[in-house]
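The values are calculated or read from the model by the stated rules, or taken from the named source; none is laboratory data. Model, not experiment: these values are computed from the prediction. Glycine also receives a Cβ, built like all others from the backbone with ideal geometry; neighbour counts cover every protein chain displayed. Ligands, DNA and RNA are stripped out before the accessible areas are found, and what is left, the full protein with its side chains, is counted by its heavy atoms. Shrake-Rupley method; radii C 1.70, N 1.55, O 1.52, S 1.80 Å.
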Amino acid sequence: MRTKKFAAAAAVALTIALGLTACSSAGNAGGGGGGGTKDVADVKGDGKTLTVWAMTGDYSDKTIAAINKEFESKTGAKVKVQIQQWDGITTKISTALATKTPPDVLDLGNTQVASYAANGALLDLTPYKKDLAQGQTWLDGLSDPATVDGSLYGVPGFAGARSVIYNKQMWADAGVTTAPTTYEELTADLDKVKAKNTANDFSAFYMPGQYWYAGMQFVWDAGGEIATEQDGTWKAGFGDAKAQQGLADFKEFANDYSSKASATLNTDSPDMNQIFADGKASAILSTSGALGLIEQANPKMTADELGSFPFPGKSGKTQPVMLGGSDWGVAAKSANTDLALQWVKIASGPDMQSKYVYGDNGWIPNSTDGIKAADSTLSDINKGFFTAALNSKATPANSRWADLEGDQSINDLFSSIVSGSKTPEAAAATFDTAADSALNKK
């Protein structure tokens, strides 16, 4: 999921974080689908103008200009980029896609794609998937939510991931000088920090109960799922034995290392970054955007005192993370789909990802290949976020998912378990019943 707050926070973090197609006559790709594998057509677009909607804070002017320069050189077409604001964007995009002259290319939040694809508003990109990928392995957390009923409706643009952010000085004072790589090492280190800091309001690892993004990492690590789809029917999965284990693991961890008061709280009130900046927590789980916000809250806490590492899971791997980020969609009613596909292919290609999406904007690239290529140039503080993104998951690719997320029932699921007001079994039964109804609503 991507939000206005997430994009703004990531932009602040950049102060710390940064230390292909060829050319014939104009054509239209039509409705996509169609079976088989196709290459993106190399068409000329002289005299045509492609309209691209990009969200404020997502791509720098330099990045957009680089994409447009290559596109215009190869096609002869011009590009009109319109920067969109976050307020009311869902309604604005839905309305625009329903018109006869929609924007040709749209910058969409990765978990929003299913909502727009459900009524046929986005072009089915499945036949072009191999060509658009250009040999890259896209991050699951970007491509999975853009894949609806087996068809691709969005091309990964960039990602933002959560990793552990910790106070290296506070850990060193407790005798811990290296970041843990296993779950057992993590809990042993936190036990030392906890023993060194005994104030009632101190959290060795601040983990508020409503923080379902964090909770899902435990569920996914145990092999559970929010919901799965088979033959057109969705089934919620928190009642499954593996998900139940993940819920129990999350409760145990939060109860052991986060303050008692946090069991019914979310990350915003009180602000998790402020708690960390004030020294009332030695570790949090957050995006790289938190780095700049922490430094703003406490200018004395510089990047040198901060460290990051992917959250190690009981599975022996890093916990799967829910990616925030962006996918590029093409309007089904676009009169210039061949040109739109060429623009998207350039924007999501390895060269543009390396030089601009990562190199200029500081975002996590859209593929495992891009992350590995960036590794040698990453600062120590950023490596945890990029490594975490290599193991990613996503919310269900269902147009009704937004309803369940919006009413905060999933927040309540995790909070009720951590606080002890419900057992994992009872909390799961309540949520799964509601989810089965919502996700299968026609």
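Side notes on the structure shown:
- Yes/no for Lys192 being surrounded by fewer than 22 Cβ atoms within 10 Å (Cβ to Cβ), basic (Lys, Arg) and assigned to a helix (DSSP H, G or I): yes
Yes/no matrix, rows are residues, columns are (1) of a type outside the set (Asp, Glu); (2) open to solvent by less than 10 Å² (accessible area, probe 1.4 Å):
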{"residue": "Gly141", "(1), (2)": "yes, yes"}
{"residue": "Asp144", "(1), (2)": "no, no"}
{"residue": "Leu152", "(1), (2)": "yes, yes"}
{"residue": "Pro156", "(1), (2)": "yes, yes"}
{"residue": "Ala161", "(1), (2)": "yes, yes"}
{"residue": "Gln169", "(1), (2)": "yes, no"}
{"residue": "Ala172", "(1), (2)": "yes, no"}
{"residue": "Gly175", "(1), (2)": "yes, no"}
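- Which listed residue is in contact with a strand residue (DSSP E or B) (Cβ under 6 Å, 6 or more places away or on another chain), modelled with pLDDT of 95 or more and open to solvent by less than 40 Å² (accessible area, probe 1.4 Å), from Phe385, Phe414: Phe385
- Total residues in segment 328-351, condition in a helix (DSSP H, G or I), closer than 22 Å to Asp369 by Cα and either open to solvent by 10 Å² or more (accessible area, probe 1.4 Å) or in contact with a Gly (Cβ under 6 Å, 6 or more places away or on another chain) (or both): 3
Table: residues versus (1) of a type outside the set (S, T, N, Q); (2) in contact with a strand residue (DSSP E or B) (Cβ under 9 Å, 6 or more places away or on another chain); (3) buried (at least 19 other Cβ atoms within 10 Å of the Cβ); (4) modelled with pLDDT under 95.
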site	(1), (2), (3), (4)
Leu247	yes, no, yes, no
Phe253	yes, no, yes, no
Tyr257	yes, yes, yes, no
Thr264	no, no, no, no
Ser269	no, no, no, yes
Ala281	yes, yes, yes, no
Leu291	yes, yes, yes, yes
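- Neighbours by Cβ (under 7 Å, 6+ apart or cross-chain): first from segment 410-423, within 13 Å of Ala254 (Cβ to Cβ); second part of a helix (DSSP H, G or I) and among the polar types (S, T, N, Q): Ser415/Thr264; Val418/Asn255; Ser419/Thr264
- Any chance Ser399 is of a type in the set (Gly, Ala, Ser), more than 30 Å from Ala77 (Cβ to Cβ) and modelled with pLDDT under 95: yes
- Considered as a group, the residues in segment 194-230 that are over 16 Å from Glu405 (Cβ atoms) and acidic (Asp, Glu) include one that is farthest from the chain's Cα centre (by Cα), and that residue is Asp201.
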